[in-house]
Structure formats: structure tokens, C-alpha cells
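Enquirer: Have a look at this one before I ask anything.
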Amino acid sequence: MVKTYGLTHIALAVQDVERAFAFYKKVFGVVKVYHQGGFLQAQTPDSRDVIVFEENRKTPGTSGGIAHFGFRLTDPKDIKKAAAAIKRAGGTIRDQGEFVPGEPYIFFTDPDGYEVEVWYEVPTKVDPPITSPR
């Protein structure tokens with residue numbers, strides 16, 4: 001077994017890196033950490049998660065077999081806040097509900113057509129311990 005920090009980033013082909021960055025900044029507060037030409041790397045605050053936006057006007061929004069990617073809420077009560085942020089930023093909510101009581105979710109599409117999930121999951125026995133942000 002190779003020890004890692006887990007799945008740390010996703011790279012998305014997008015029409016316009018600045019538009020994609022602006023959307024994810026409005027919804028999740030991502031911060032720009034590197035930008036060169038048609039390539040922009042953003043990081044989710046208080047995590048090691050990275051979203052890379054690569055300008056590619058031929059294939060934006062195509063997932064190559066990946067159905068969706070997701071963001072896990074720290075508090076289930078934030079689902080309403082997430083829905084409002086998605087709508088304000090220009091996303092389209094496709095489905096919303098609860099997987100089981102206490103585990104709300106939203107599936108939405110971003111401006112490039114990627115399907116994204118926001119959900120709360122009751123902590124599992126393999127989750128790392130919760131620590132306060134630095």
C-alpha cells in the first residue's frame with residue numbers, strides 16, 4: 001500500500017479558466033494559487049483539495065466516463081446555503097434531497113456542464129480526526 005493524502009485534485013477542461021474560477025470561488029471560496037495562460041490552479045480553503053482549470057474549447061464539460069465529483073459539507077445545515085450559492089453563481093440544480101435522514105445532497109451542473117455533488121455524510125470510522133483549521 002502506498003500512503004497518500006487521498007484524492008487531492010481534479011483537472012477540468014473548461015471554455016474559459018477565469019469564468020470557471022469565478023464560479024467555484026463564489027460557491028466554494030476557492031483561492032487561486034497558480035495561473036499561467038489557459039491554466040489555473042485553485043485550492044479549497046482549509047484543505048489540500050485542488051481544482052485545475054485547463055482551457056480547452058473542444059472538450060469542456062465532457063467527463064470521459066466520470067459521472068460527477070463532489071464536495072463534502074462539514075455541517076448538514078449548510079445545504080440551504082450551498083443551494084443559494086450555486087444559484088447565485090449561475091449553476092443549475094438538477095436534484096436535491098436526502099440519501100438517508102441527516103445526509104442531505106444537491107447535484108448541480110456548473111457553467112461548463114460538469115455535474116457536481118454537494119453532500120453531508122455522517123462521519124465514518126475511517127475518517128481522519130477533525131482538527132481545527134490553522
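Enquirer: What net charge is computed for the residues neighbouring Phe23, neighbours being all others with C-beta under 9 Å from the C-beta of Phe23, Lys and Arg scored +1, Asp and Glu -1?
Expert: +1
Enquirer: Given a cut-off of 30 Å, name the pairs among Lys58/Lys81; Lys32/Lys77; Lys26/Lys125 whose C-alpha atoms lie farther apart than that in the structure shown.
Expert: Lys58/Lys81; Lys26/Lys125
Enquirer: Could you tell me how many cubic angstrom of Cα convex hull volume the chain has per residue?
Expert: Enclosed volume per residue, from the Cα hull, is 141 Å³.
Enquirer: Roughly how many Å² of Arg48 are accessible to a 1.4 Å probe, to the nearest 10?
Expert: Around 110 Å² of this residue is reachable by solvent.
Enquirer: With a Förster radius of 22 Å, plug the Cβ-Cβ distance of Lys125 and Arg72 into 1/(1 + (r/R0)^6) and report the FRET value to the nearest 0.05.
Expert: 0.90
Enquirer: Order Phe71, Phe99, most accessible first, counting only protein heavy atoms with a 1.4 angstrom probe.
Expert: Phe99, Phe71
The values are calculated or read from the model by the stated rules, or taken from the named source; none is laboratory data. This is a predicted model, so every value here is computed, not measured. Glycine gets a Cβ as well: all are built from the backbone with ideal geometry, and neighbour counts include every protein chain shown. Note: accessible area is taken over every heavy atom of the protein model, side chains too, but ligands, DNA and RNA are not part of it. Shrake-Rupley method; radii C 1.70, N 1.55, O 1.52, S 1.80 Å.
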